[in-house]
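One structure is given below, encoded as structure tokens.
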Amino acid sequence: MSFVRISTKGGRQYRQLVESYWDRKDQRSRTRILRHLGPVTPRFPRADPTLLPASLPLEPPHFGLLATRIMTGTLTLAHIVQAVHDMGEEMPPDNLAAVGIRFDLDVKKTPRLALLLWPAPPSSRPRPARPAESPGRSKGSESPPPSSPSRVRCR
């Protein structure tokens, strides 16, 4: 019988696929680890690799323009945004990681054309915080170190 269990090591919890079986030699039940399934709550969550790109149907003029730009290496984000805007669709222009064109060769009369948009994955690790600066100082103005206090005699 196999099941998923949660084990703790070093203060962190991990999931494991385990199998329980009867050991005839020792006359007792044993547990064997079949596969490690990863942490219960990951420290740095990753993007889901099963996410598919957004697919927008293309018309032949837009397909020709984008295919030409891809093949010549002059495709920019502005071209993609303009083509999508001309198709009547809206998209966020700031988080694209990749773009592609799908051309189905199986259809003989009118091939299906689609623009594939892969969003940028989230950052895998958080960035360190910038060091704080004192509010009264700027980077360019460094004041000289204070001199030792002079002695004043009082009579």
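None of the figures in this text is laboratory data; all of them are computed from the coordinates on show. Because the structure is a prediction, the values reported are computed rather than measured. Glycine gets a Cβ as well: all are built from the backbone with ideal geometry, and neighbour counts include every protein chain shown.
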remark   = Within the under-12-Å Cβ sphere about Ala83, not counting Ala83, Lys/Arg +1 and Asp/Glu -1 give a net charge of -2
Whole-number percent relative contact order across region 54-119, with pairs defined as alpha carbons under 8 Å at least 6 apart = 43 percent
task = Could you work out the local net charge near Val40, counting Lys and Arg as +1, Asp and Glu as -1, over the other residues with Cβ closer than 9 Å to its Cβ?
result = +2
ask   = When the chain is fully extended, how far beyond the present Cα-Cα distance does Leu77 get from Arg28, taking 0.36 nm per residue of separation?
value = 11.2 nm
key: Burial ranking of peptide ranges 76-86, 96-106 (average Cβ count within 10 Å, highest at the top)   = 76-86, 96-106
